[in-house]
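Student: I'd like to ask you about the structure that follows.
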Amino acid sequence: MFQKIIVIGSPGAGKSTFSRRLRDETGLPLYHLDLIWHKRDKTNIAAEEFDKKLNDILAEDKWIIDGNYQRTLEIRLKHCDTVFLLDYPLEVCLDGVSSRIGKKREDMPWVETEFDDEFREWITDFPLKKLPAIYEMIEKHGDKQVYIFKSRQEADEYLEKLKWTDFSLRKT
């Protein structure tokens, strides 16, 4: 069974929610890349510091890493054994971001107060500008177990089946 997992997909797809549910079912430690990259004051840490923290996580025996951060996707793909790609329709992702405005989240160091135009554009461009490269990188690492979900229902059904799986690593 899997022990080193990455969860990727467009902002708003529900990567963090899926990752938390996966953590709860497997007992694997969960790391949100947004919490590493972003500071409370809405600035970011240096790329070198981010890379060091990521490498420390990758050196561990078990983990779930939630987040795209395409600059570091290649190294995460090299280290993982399992990939979950949430490849949902654009409207689902836009609705996902809209629904979290004003809500405290475990995976962000602040509460988002607006859905700004730049972020909306980044999400709108994701299927054409980012997703093809993600698929290409996944294919390049063909030795991984890959799950691609095209809807929240598919992801929910998968997680529901996990509830009936006997994880020897559960509660570790």
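Student: Would you pick out the residues in segment 45-55 that are buried (at least 17 other Cβ atoms within 10 Å of the Cβ) and either in contact (Cβ under 8 Å) with a residue 40 or more places away in the chain or more than 23 Å from residue 146 (Cα to Cα) (or both)?
Tutor: Residues of segment 45-55 that are buried (at least 17 other Cβ atoms within 10 Å of the Cβ), as a first pass: 50, 54.
Hit for segment 45-55 is 50, nothing else.
Student: Take the residues of segment 99-150 that are basic (Lys, Arg) and within 17 Å of the chain's Cα centre (by Cα): which is modelled with the lowest pLDDT? Walk me through how you get there before you give the answer.
Tutor: Taking segment 99-150 as the starting set, the residues that turn out to be basic (Lys, Arg) are 100, 103-105, 120, 129-130, 140, 144, 150.
Then drop every residue that is not within 17 Å of the chain's Cα centre (by Cα), which leaves 100, 105, 130, 144, 150.
Numbers: 100: 91, 105: 86, 130: 96, 144: 96, 150: 98.
Per the stated criteria, the residue is 105.
Student: Could you check, for segment 121-130, whether at least one of its residues is among the basic types (Lys, Arg), in contact with an Asp or Glu (Cβ under 9 Å, 6 or more places away or on another chain) and open to solvent by 50 Å² or more (accessible area, probe 1.4 Å)?
Tutor: Residues of segment 121-130 among the basic types (Lys, Arg): 129-130.
With the extra rule that they be in contact with an Asp or Glu (Cβ under 9 Å, 6 or more places away or on another chain), the set shrinks to none.
Looking through segment 121-130, none of the residues is among the basic types (Lys, Arg), in contact with an Asp or Glu (Cβ under 9 Å, 6 or more places away or on another chain) and open to solvent by 50 Å² or more (accessible area, probe 1.4 Å).
Student: Something else about it: Against the conditions (1) open to solvent by less than 20 Å² (accessible area, probe 1.4 Å); (2) touching a Lys or Arg at 6+ places or on another chain (Cβ under 9 Å), where does residue 11 fall short? Just the number, please.
Tutor: The one condition residue 11 does not meet is (2).
Student: Any residue in segment 61-73 that is more than 17 Å from residue 146 (Cβ to Cβ) and at pLDDT 95 or above sitting within a Cβ distance under 6 Å of a residue that is in a strand (DSSP E or B) and among the aliphatic types (A, V, I, L, M)? List the pairs, counting only those 6 or more apart or interchain.
Tutor: Qualifying pairs under 6 Å: none.
Student: Output the number of the condition that residue 58 fails; it satisfies all remaining conditions of (1) open to solvent by less than 10 Å² (accessible area, probe 1.4 Å); (2) closer than 26 Å to residue 96 by Cβ.
Tutor: The one condition residue 58 does not meet is (2).
Student: Residues in segment 23-44: is at least one hydrophobic (A, V, I, L, M, F, W, C), more than 18 Å from residue 79 (Cα to Cα), modelled with pLDDT of 95 or more and open to solvent by less than 20 Å² (accessible area, probe 1.4 Å)?
Tutor: no
Student: Give me the pairs, please: first residue somewhere in segment 143-156 and closer than 16 Å to residue 90 by Cα, second residue anywhere and part of a loop (DSSP other than H, G, I, E, B) and open to solvent by less than 50 Å² (accessible area, probe 1.4 Å), beta-carbon distance under 8 Å, and either six or more positions apart or on two chains.
Tutor: Filtered contacts from segment 143-156: 148/87; 149/87; 149/88; 150/87; 150/88; 151/88; 152/14; 152/88.
The values are calculated or read from the model by the stated rules, or taken from the named source; none is laboratory data. Everything numeric in this text was worked out from a predicted model, so none of it was measured. Heads up, the Cβs are rebuilt from the backbone with ideal geometry, glycines too, and the neighbour counts pull from every protein chain shown. Note: areas computed on protein heavy atoms with side chains; ligands, DNA, RNA excluded. Shrake-Rupley method; radii C 1.70, N 1.55, O 1.52, S 1.80 Å.
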